[in-house]
Amino acid sequence: MGEKITINPVTRIEGHARVSIFLDDQGKVEKTYFHVDQYRGYEKFTEGRHFSEMPMITERICGICPISHHLASAKACDVIIGVEIPRPAKLLRELVHMGQIIQSHSMHFFELAGPDLLLGWDADPAVRNVVGLIQANPDIALKAVKLRKFGQRIIELTAGRRIHPTFAVPGGVNSALDEARRDEMLSFLEEGIPYIQEGIEIAKKWISQHKDECDQFASFPSGYMGLVKKDGSLELYDGIVRFMDKEGKIVREFEGRDYLKYIGEKVEDWSYLKFPFFKEFGPEEGFYRVGPLGRLNVADSISTPLAQKEFLEFKSLSGGKPQESSLYYHYARLIETLYAAERAMEILKDPDVLSLDVLHFGTPQNEEGIGVIEAPRGTLIHHYFVDTASGAMKKSNLIVATGHNNWAMCKAVDLVAKGFVDGKNLKEGMLNRVEGAIRCYDPCLSCSTHAVGKMPLIVEIYNQEGKLEKRIQRD
Amino acid sequence: MFLQELSLDLLEELALCDCAVFVDAALEGEEVQVREIFPENKPSFLSHHLLPEQFLFWLEELYHRRPRAFLLSLRGYNFDFGQGLSPEALASAEKGIKILENLIKEVQEREEENERPQN
């Protein structure tokens, strides 16, 4: 074993992570580790709280995808009180979820991934950021800001505020929608759909110009998992969980409430983030991917017309097989954004969306409740155990989207480090590609471990004796 | 506007403002601090963390707008898990509200002064 390179923190992701690259005597990469050093505490400190508080507490896990936690939690609470929520409430919950998909996905493509793709992996880090993007293409940047705003505005108009609303409650939602707010949303969604389509064209053009890189960058076989509707089409709010093997064969479909039968979690001593696996294949072979790429791989179709057209084109690139390259996450993310905008419009045109029948009351009937939703980054599971007499939380288990992708991110950084990093001639662009492999997955480490903190970027290079030879810090 | 964090989608709204006051909790420093801030390119590596100066920089770059801006920092004393504000933070908040009211009044008076016809 020769030198060790540390990338700390990984930049332009949500949360804090570190990458260790171990080199051999010739400066070639031997092994790379993706560490998540944050500590996760939510499952512990929610013990004893009243279950009805969970949608408001757990959404504080994240500032980017609070709606996912809010809704997965509310769905678990619906089960606790044993009610089927009214259809209008389900529509309104799905609507805010679509708002979140739009804001989160669009922000990721333009703000976090865009600098690498549009300015280049090897561009000067001083300009390879949002400011550089604004200066290089202000028109695109303005549209990206608008898309993010449209998504956030859907959340605000429907749920009362953009971040951490108190909207979804056990049994439904606590406010109905009026015509004025509905019409405002319909109006800006009409404006936003062409912007998303423009983003998709940018992605397609970039892929066609970098086809070999796209096909080879962090490309590897794995299982895939995501929610689908009963007809097998893409679903983000409610549906059945579909698991596909690396050959593209659907091996299992199950209800989210049965997740423990199918998903196990493995622990490694070098990361706080656990490694979920598909139990039928075991901890060594059962790893899988979730999120935009996983969802489009497992889905048979998309139920909205414009997104379906893009979906068919996306599928044609891999000849019907699962798409294995991590860079295609970016393309899949934009197709999902288009679906979310179209689906939001469908919901807003549904007569039930203005109904006042938005809440069914209830008291704890069941000791366990499980809520499953497709967060922007993948399948999110909230599992609660409650004392039905007092309503107090006894225990909870959260499996967060980023956790499902932990193995895949580790695999991606290892492949990219081996492909691009030359320890004897180290350049910043090489390390940026390693970070870029992680960015494909848009990990939210705050979600997956729920910690706070601040870090500079530190790259440390150690010699064979473990002595620090070089240290570069970026505050 | 009450927000947990600054993000790009707020740029459009800030572009309509002549003056903005950012009020936030501070980990250290004086009990209450107020200072005028200006656009500055201070990129953050994490999208969760955006400085107001960087936010103003983006605004100027993208919308060509440069409103007057102030940062009002209120010292927090206990960031551990819990409910409500500590007595010290509550005292900081009450002082901060008074400073904010005076700041708004001062800015309004200056604007009225500037708009008054010059003899």
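The values are calculated or read from the model by the stated rules, or taken from the named source; none is laboratory data. Computed from a predicted structure; not experimentally measured. Using ideal geometry, Cβ is built from the backbone for each residue, glycine included, and neighbour counts are taken over all protein chains shown. We work out accessible area using only protein heavy atoms, side chains counted, and drop any ligands, DNA or RNA first. Shrake-Rupley method; radii C 1.70, N 1.55, O 1.52, S 1.80 Å.
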A correct Karplus calculation of ³J(HN,Hα) over segment A:98-104, with 6.51 cos²θ - 1.76 cosθ + 1.60, θ = phi - 60°, whole Hz and x for Gly and Pro, returns 5, x, 5, 4, 4, 5, 6
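Cα gyration tensor of segment A:45-120, axes a ≥ b ≥ c as square roots of the eigenvalues: rounded (a/c below 1.5), prolate (a/b > b/c) or oblate?
It comes out oblate by the Cα gyration axes.
Normalised by the residues of chain A, what does the relative contact order come to in percent, with Cα pairs under 8 Å and at least six apart?
Numbers: 1030 pairs, mean separation 131.9, N = 475.
Worked out over chain A, it gives 28 percent.
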For segment B:24-41, Karplus-derived ³J(HN,Hα) couplings (6.51, -1.76, 1.60; θ = phi - 60°; whole Hz; x for glycine and proline) come out as 8, 6, 10, 6, 8, x, 5, 4, 9, 10, 9, 8, 6, 10, 9, x, 8, 7
Residue-ordered couplings for segment A:249-265, obtained by feeding phi - 60° into the Karplus form 6.51 cos²θ - 1.76 cosθ + 1.60 and rounding to whole Hz (Gly and Pro as x), are 8, 6, 9, 7, 10, 8, 6, x, 5, 9, 4, 5, 6, 10, 10, x, 10
Amide H contacts under 5 Å for B:ALA25, restricted to residues at least 5 apart in sequence or on another chain and with H modeled in the peptide plane, are B:LEU74
Given A:143-154, A:400-411, the highest-first ranking by average Cβ count within 10 Å works out to A:400-411, A:143-154
Yeah, chain B with a ≥ b ≥ c from its alpha-carbon gyration tensor (a/c under 1.5 is rounded, else prolate when a/b outruns b/c, oblate otherwise) is oblate
Counting other chain Cβ atoms within 10 Å of each Cβ in A:149-159 and taking the mean gives 1
So, relative contact order of segment A:61-171 in percent, Cα under 8 Å, 6 or more apart, is 41 percent
By the Cα gyration tensor axes a ≥ b ≥ c (a/c under 1.5 gives rounded; else a/b larger than b/c gives prolate, otherwise oblate), the shape of chain A is prolate
Sorted by chain and then number, the residues having a modelled amide H within less than 5 Å of the amide H of A:VAL251, at least 5 places away or on another chain, are A:PHE243, A:MET244, A:ASP245
CD proxy, 222 nm, the protein assembly as shown: helix-only mean residue ellipticity via -39,500 (n - 2.57) per DSSP H run with n ≥ 4, per residue, nearest 500, stands at -12500 deg cm²/dmol
Among B:LEU71, B:LEU27, B:LEU100, the residue with the largest mean-square fluctuation in a Gaussian network model of chain B built from Cα contacts under 10 Å is B:LEU27
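Roughly how much accessible area, to the nearest 100 Å², goes out of reach of solvent when A and B pair up, both sides summed, probe 1.4 Å?
Approximately 2700 Å² gets buried when A meets B.
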Taking placed amide H atoms and a strict 5 Å upper bound, the residues 5 or more places from A:GLY286 or on another chain that come that close are A:PHE278
To the nearest 20 debye, the protein assembly as shown has a Cα-centred charge dipole, built from +1 on Lys and Arg Cβ and -1 on Asp and Glu Cβ, of 1020 debye
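For A:LEU415, what charge total do you get from the other residues with a beta carbon under 12 Å from its beta carbon, if Lys and Arg give +1 and Asp and Glu give -1? Walk me through the numbers on the way to the answer.
Numbers: positive: A:LYS31, A:LYS411, A:LYS418, A:ARG433; negative: A:GLU324, A:ASP414.
Summing Lys and Arg as +1 and Asp and Glu as -1 gives +2.
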